Amino acid sequence: MAVKHLHDRNIIHRDLKDANVFLTKSGICKLGDLGVARVMNSTVSKANTVCGTPTHMSPEILNIQVNKNGDTYDKKCDIWSLGIILY
């Protein structure tokens, strides 16, 4: 729900990982560390900077880092990282 909340406001977290997911004593799950998050201008905006934790990066971001070819990514990179956490 936290990722959906961010994405509904055109924000990409860009550093989703287990260490940024917090559980309270009452069992509530919270998302933290928005230090490298980016607010996008619109729902079709894309980013092209490489940041985040390499073990949780989506292939699009890794491709930018390796090829330095000006590719872009969007909110889907957070979904990839969320999948890594859930796996």
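Values quoted throughout were computed directly from the atomic coordinates according to the rules given, and no laboratory measurement underlies them. Bear in mind that the values here come from a model prediction, so they are computed numbers and not experimental data. So basically every Cβ, Gly included, is an ideal-geometry build from the backbone, and we count neighbours across all protein chains shown.
General observations
- Extending 7 Å from Cα along the Cβ direction at F22 and again at A2 yields two label points whose distance is 0.8 nm.
- Environment charge at K17 (Cβ cut-off 13 Å; Lys +1, Arg +1, Asp -1, Glu -1): -3
- Per-residue ³J(HN,Hα) for segment 14-29, Karplus 6.51 cos²θ - 1.76 cosθ + 1.60, θ = phi - 60°, Hz, x for Gly and Pro: 6, 9, 6, 7, 4, 5, 9, 10, 10, 10, 7, 4, 8, x, 7, 9
- Taking S26, S81, S58 and counting other C-beta atoms within 10 Å, the order from fewest to most: S26, S58, S81
- Sequence-distant residues sharing a close amide H with I11 (under 5 Å, placed H): M40
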